[in-house]
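Okay, so here's the structure we're looking at.
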Amino acid sequence: MNNSLDGPMFLDRSEKSASPVLVDDVRRAQGGDLVAFERLYRDNAGRIHALCLRMTGNRASAEELTQEVFIRAWERLSTFMGRSSFASWVYRIGVNVSLDAIRADRRDEARLGMDSLEPGGGGTWDQAGASDCRLDLERAISRLPPGARVVFILHDVEGYSHEDIAEMTGVASGTSKAQLHRARMLLRKGLSI
C-alpha cells in the first residue's frame, strides 16, 4: 500500500489484486508519463468506445466521446485515489461524458424545435427499420428514445441500480424504473416484428 507523500495514488482491495504493471502505469501516468497513459488508454479504449456507442447510438459521436473521456481522464488523473480500479474510474467518466452529450443533444433539439434526432423519429419504431434489427440488438437499442436507452444500458447492460441511475441522470428512481419498462417493451416490440 502506498502511503508515502510522493503522489496521490492510494490502493484499496480492488487495486491490490491488479497487476503490478497496471499499478505502475497508473503511478507513472500520474507523474506525467504519456507512454504509461497510452498503455492505460489501449487497455480501456475498447470498453469505453462500446459504452459511448451504446449510450449515443452513433458511431461518430462514440469516437468523439471516447476521446473526450480520455482527455478528461488525463486532466483529472491526479484526483484518482485508487478507491476503485482505474478501469472503473475511467468507465464512470465515460458514463458521465455520454450523459452530458445526450443532455446537450436534447437541449439542441429543444432549441431547434425538433421532436427527435433519433432513427425512426421521436422514439417510434418504423416498420422497415424494425425488421432490419430483428437480430441486431445493438441497432434496436440505438433506436430507443434517449431516456429509455440510457436507463436500459445503465441498468440491464452495465448493472447499475435504479438508485445509482437516478443519481447519475438526475431523475427519480421511479422514473428510471418507468424508462426501463418502456425500453424493454419497445425492444420486445421492435425485435419481434
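The values are calculated or read from the model by the stated rules, or taken from the named source; none is laboratory data. Fair warning: this is a prediction, and the values are worked out from it, not measured in the lab. Glycine also receives a Cβ, built like all others from the backbone with ideal geometry; neighbour counts cover every protein chain displayed.
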Inside region 51-73, the number of residues satisfying the requirement of being touching a residue at least 40 places away in the same chain (Cβ under 8 Å), closer than 24 Å to Arg39 by Cβ and surrounded by fewer than 20 Cβ atoms within 10 Å (Cβ to Cβ) is 0
Picked from region 1-43 (must be of a type in the set (S, T, N, Q) and at pLDDT below 50), the residue farthest from the chain's Cα centre (by Cα) is Ser4
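I need the helices (runs of 4 or more DSSP H) fully contained in region 133-193, keeping only those with at least 3 residues that are exposed (fewer than 14 other Cβ atoms within 10 Å of the Cβ) and not basic (Lys, Arg).
Values: elements: 137-142, 146-152, 162-169, 173-192.
Where helices (runs of 4 or more DSSP H) fall fully within region 133-193 and carry at least 3 residues being exposed (fewer than 14 other Cβ atoms within 10 Å of the Cβ) and not basic (Lys, Arg), they are 173-192.
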